1. Consider region 27-61. How many of its residues are within 16 Å of the chain's Cα centre (by Cα) and farther than 14 Å from residue 105 by Cβ?
2. Kindly list, by first and then second residue, each pair from a residue in region 203-216 that is more than 14 Å from residue 163 (Cα to Cα) to a residue that is assigned to a loop (DSSP other than H, G, I, E, B) and at pLDDT 85 or above, limited to pairs with Cβ atoms under 9 Å and residues at least 6 apart or on different chains.
3. Which of (1) within 22 Å of residue 207 (Cα to Cα); (2) surrounded by fewer than 15 Cβ atoms within 10 Å (Cβ to Cβ); (3) modelled with pLDDT under 95 is the odd one out, the single condition residue 156 does not satisfy?
4. Taking residue 193, is it in a helix (DSSP H, G or I), surrounded by fewer than 20 Cβ atoms within 10 Å (Cβ to Cβ), touching a residue at least 24 places away in the same chain (Cβ under 8 Å) and more than 15 Å from the chain's Cα centre (by Cα)?
5. Test each condition in (1) in a helix (DSSP H, G or I); (2) at pLDDT below 95 for residue 164 and report the one that comes out false.
């Protein structure tokens with residue numbers, strides 16, 4: 001299965017990227033029918049996500065808006081820890097698990113870690129058998145390690161915050177630079193530094209993340 005990923009350039013440096021990819025490979029080895037990994041979910045939006053489920057299931061899940069009705073969503077945001085999809089104490093009133101079985105996701109487990117305001121959630125699936133306890137515990141260790149690898153920044157320099165705030169307030173580059181008493185090229189350097197620190201691809205994305213982290 002191919003990996004579908006989203007998010008910015010969150011893993012920086014050759015060694016970090018290699019280590020991150022190794023952890024993803026370990027996760028893939030456990031999830032014979034694919035996995036979903038959302039790292040540092042803040043206000044429903046993850047900093048980075050990966051999914052290797054069957055494409056038909058990804059499309060069905062998205063088109064039917066199952067994320068809002070998925071029992072594992074409720075589980076993941078109500079506590080940190082892990083559970084199997086077959087847990088009889090977790091109701092599935094919309095029959096999502098049964099529908100997933102038709103796409104090869106017959107057995108699964110979900111791991112939730114991190115604080116509620118920056119939660120990481122991972123679901124893994126198999127088509128042949130239930131996950132054993134020791135396998136899920138190992139997956140939990142992998143997920144916690146991935147969570148730590150992409151820990152979001154919580155600080156901007158004063159210069160970066162000022163530049164980002166002016167753009168967020170609607171000022172054009174020339175006007176913002178003039179207000180700060182710097183050249184337009186210097187302003188762009190500050191904005192680029194803010195994007196890098198916030199692991200954002202665009203200034204608009206950096207502004208949103210800065211707001212999410214209460215940095216503006």
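The values are calculated or read from the model by the stated rules, or taken from the named source; none is laboratory data. Because the structure is predicted, anything quoted here is derived from the model rather than measured. Cβ placement follows ideal geometry from the backbone for every residue including glycine, while neighbour counts extend to all protein chains displayed.
1. 15
2. 213/156
3. (2)
4. Answer is yes for this residue.
5. (2)
To keep it simple, each residue is scored yes or no on (1) surrounded by fewer than 15 Cβ atoms within 10 Å (Cβ to Cβ); (2) part of a strand (DSSP E or B); (3) touching a residue at least 40 places away in the same chain (Cβ under 8 Å); (4) under 23 Å from the mean Cα position of the chain (by Cα).
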{"site": "89", "(1), (2), (3), (4)": "yes, no, no, no"}
{"site": "92", "(1), (2), (3), (4)": "no, no, no, no"}
{"site": "99", "(1), (2), (3), (4)": "no, no, no, no"}
{"site": "122", "(1), (2), (3), (4)": "no, yes, yes, yes"}
{"site": "125", "(1), (2), (3), (4)": "no, yes, yes, yes"}
{"site": "129", "(1), (2), (3), (4)": "yes, no, no, no"}
{"site": "140", "(1), (2), (3), (4)": "no, no, yes, yes"}
{"site": "143", "(1), (2), (3), (4)": "no, no, yes, yes"}
{"site": "146", "(1), (2), (3), (4)": "no, no, yes, yes"}
